[in-house]
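Structure first, then comments.
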Amino acid sequence: MDTNSQIRAAAAAVIGSRHLKAARNGQDAAAVWIGDGAGAVVVCDGCGSSGSSEVGARIGARLVIAALSRRLSAGGSASDAALWAGVRDEVVFQINELVNTMLGTAVAQECFARETVLREYFLFTIVAGAVAGNEAAVWALGDGGFAINGRARELGPFEDNQPPYLAYDLLGMPQTAVLEVVPAIAAGTIVVATDGIAEVGLDAIAVERCLAHPDALRRRLAVLARAEEKIEWDARRVVRAPAALQDDGAVAILAWRGSPS
């Protein structure tokens, strides 16, 4: 892709209807980056059974997008498996440093204490996408979904609802990631989403409409997370329909137009 190409991006995360009713924090996060002839997006979803996984999801999204932006700005190719491996290694290192800082004393850094902190705060999935040069790619570790140029793929579900998490690298249980690469055609899109959105269907996200206004994507997700009420005047009753988005949801969109280099 040439440096004159137009790259646009949007990201949003909302609390799902089920979590709103339970007064729980949203556990999903999203981030985007646009550079000179390159761009990246990421969504992260914290583990539902962990008490504070939204912390890791939000930190993780920022760490992943920062690591991606540095490599793509330096001329890295989105299709290069080594680039994604480097992003993974960097984020794992940074999480390890955070855990060490949180634990404090050397006595507290026993295996049990480390595992407790990792499971409490840092179990989150990752679905990331990037475009640079002549290629675009999506890299994922965990459940969720993505669409490249309108072709959607759902990740999971996994056995016992236990998707792979990046933090397992620090527990001696590294999991296999997914990498899908396609040519960066003259005009294309990447949509990445957490599993709540994937369950609703990525076709519920109108890409162009969501890119047309800075708050359009968040508004769309908010509508999906809202129950509907309709008054039937003749029957003198209120009919309630459950929200389409029961789980938390995060979406990030990357779109580009321009001639391949």
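Restricting the first member to segment 142-157 and to residues that are in contact (Cβ under 8 Å) with a residue 24 or more places away in the chain, and the second to residues that are among the hydroxyl-bearing types (Ser, Thr, Tyr) and in a strand (DSSP E or B), the beta-carbon pairs closer than 8 Å and six or more apart or on different chains are Gly142/Thr125; Asp143/Thr125; Gly144/Thr125; Ala147/Thr189; Ile148/Thr189; Asn149/Thr189; Gly150/Thr189. Scanning segment 130-146 for residues that are assigned to a loop (DSSP other than H, G, I, E, B) and within 12 Å of the chain's Cα centre (by Cα) yields Gly142, Asp143. Scanning segment 55-95 for residues that are buried (at least 16 other Cβ atoms within 10 Å of the Cβ), more than 18 Å from the chain's Cα centre (by Cα) and either in a loop (DSSP other than H, G, I, E, B) or modelled with pLDDT under 95 (or both) yields a total of 4. Criterion first (closer than 21 Å to Arg219 by Cβ, hydrophobic (A, V, I, L, M, F, W, C) and surrounded by 21 or more Cβ atoms within 10 Å (Cβ to Cβ)) does Ala10 satisfy it? Judged against the criteria, Ala10 is a match. Can you tell me which residues in segment 218-233 are out of contact with any Lys or Arg (no Cβ under 9 Å at 6 or more places or on another chain) and of a type outside the set (Asp, Glu)? Answer for segment 218-233, where residues must be out of contact with any Lys or Arg (no Cβ under 9 Å at 6 or more places or on another chain) and of a type outside the set (Asp, Glu): Arg218, Arg219, Leu221, Ala222, Val223, Leu224, Ala225, Arg226, Trp233. Taking every residue in segment 162-177 that is in contact (Cβ under 8 Å) with a residue 40 or more places away in the chain and pairing it with any residue that is of a type in the set (Val, Ile, Thr) and part of a helix (DSSP H, G or I), at least 6 positions away or on another chain, the pairs with Cβ-Cβ distances below 7 Å are Leu166/Val91; Leu166/Val92; Ala167/Ile95; Asp169/Val92; Leu170/Val92; Leu170/Ile95.
Just to be sure before I move on: is Ile253 of a type in the set (Val, Ile, Thr), touching a Lys or Arg at 6+ places or on another chain (Cβ under 7 Å) and within 16 Å of Gly145 (Cβ to Cβ) in the structure I sent? So Ile253 does not fit the description; no.
Which condition from (1) modelled with pLDDT under 95; (2) over 26 Å from Val251 (Cβ atoms) is the one that Glu135 breaks? For Glu135, the failing item is (2).
Meeting the requirement of 2 or more residues that are under 28 Å from Gly56 (Cβ atoms) and acidic (Asp, Glu), the helices (runs of 4 or more DSSP H) wholly within segment 147-261 are 195-200.
The values are calculated or read from the model by the stated rules, or taken from the named source; none is laboratory data. The structure displayed is predicted, hence computed values, not measured ones. Heads up, the Cβs are rebuilt from the backbone with ideal geometry, glycines too, and the neighbour counts pull from every protein chain shown.
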